[in-house]
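The values are calculated or read from the model by the stated rules, or taken from the named source; none is laboratory data. Keep in mind the model is a prediction, meaning the values are calculated, not measured. For neighbour counting, all protein chains shown are included, and Cβ atoms are generated from backbone atoms with ideal geometry for every residue, glycine included.
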Amino acid sequence: MIESMTGFGKAERIIGGRRLIVEIKSLNSKQLDLNMRLHPSLRAMDLSIRSMLAPRLERGKVDISLSLEEVLQAEGCSITPVHREAYKYHMQELAELCPALSEAERAMLVLRMPDVIRPAEPQEPTEEEQTMIVQAIEEAMEHFSAFRKQEGKALEAMFTEKLYAIAALLAEVEPYEKNRVERIRQHLLGGLDKLAEETRTKVDSNRLEQEMIFYLEKLDITEEKVRLTNHIRYFRETMSQPAAVSGQQSAGVGKKLGFIAQEMGREINTLGSKSNQSEMQIIVVKMKDLLEQIKEQVLNVL
């Protein structure tokens, strides 16, 4: 079962009167591009969080944020620390300089001053709090993985639909193929008969037959049809097979699916180059369009 590189997971905890918010987001990328934004008090955990999550993320452009908000746990409301000494000083100064202002007006002005409202000094989490932080990260990671699997199911359904359509178009080639070979043969014979009549020369029938066989073999598309059918089958098998285990997480198959899609493209292009009949070329164009849609979405597969 395939997974998407697009994912999102979130978890929250109340830790020591502060609300911890963990968010994990990811988009597609060829390699793992891990960007972490941590609250200043949690920066010491940077390396341990990376080593815990990197093997499980595998690939993608991943943004991880751990933020802490001061809260009154009992009431659940946000609070902002106030520098009381600075507040008293500025209130007294304004009372002397602007006696016409009311106390409420002075308070509004003072609370806008940068040295009055200031964040509390970051305190590193205790060992018990670190355990709770890891639990929150694990919860966010579970939601993140579930999101990836859900998106993977949608991708798998889309790939199955497009592959079925390509296989159906490939089956439509067969009737044109039989008529095409015979028509080419008759066209060549007619041209040679006309040339022999104009030049009054006799064509060596044995040599003509050899050249005819060689030419028609170059236009034969049996091998391309067989290889394209095998590539379609292999693509489906790769999507549905149990993923190989790497540590505790499954290794992605996105790159392999990309390689298979490239091989499918080669066979379809060869079909197009050998198709000297308008009906077959229209079918090839339709197959190319479907394959391009597959290639675009394969980039999102883990």
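Scanning for something more than 29 Å from residue 156 (Cβ to Cβ), touching a residue at least 60 places away in the same chain (Cβ under 8 Å), among the basic types (Lys, Arg) and surrounded by fewer than 20 Cβ atoms within 10 Å (Cβ to Cβ), does region 3-17 turn up at least one residue?
Yes, there is a match, as at least one residue in region 3-17 is more than 29 Å from residue 156 (Cβ to Cβ), touching a residue at least 60 places away in the same chain (Cβ under 8 Å), among the basic types (Lys, Arg) and surrounded by fewer than 20 Cβ atoms within 10 Å (Cβ to Cβ).
Quick test of your reading of the structure: residue 111 fulfils all but one of (1) in contact (Cβ under 8 Å) with a residue 40 or more places away in the chain; (2) in contact with a strand residue (DSSP E or B) (Cβ under 8 Å, 6 or more places away or on another chain). Name the failing condition by number.
Failing condition for residue 111: (1).
Taking the options 127, 174, name whichever one is assigned by TED's automatic domain parsing to the domain that holds residue 39 and modelled with pLDDT of 80 or more.
Of 127, 174, the one residue that is assigned by TED's automatic domain parsing to the domain that holds residue 39 and modelled with pLDDT of 80 or more is 127.
Could you list all residues from region 33-59 that are at pLDDT below 90, outside any helix (DSSP H, G or I) and over 19 Å from residue 135 (Cβ atoms)?
58, 59
Looking at region 40-56 only, could you name the residues that are more than 26 Å from the chain's Cα centre (by Cα) and either surrounded by 14 or more Cβ atoms within 10 Å (Cβ to Cβ) or touching a residue at least 60 places away in the same chain (Cβ under 8 Å) (or both)?
Those that are more than 26 Å from the chain's Cα centre (by Cα) and either surrounded by 14 or more Cβ atoms within 10 Å (Cβ to Cβ) or touching a residue at least 60 places away in the same chain (Cβ under 8 Å) (or both): 40, 41, 42, 44, 45.
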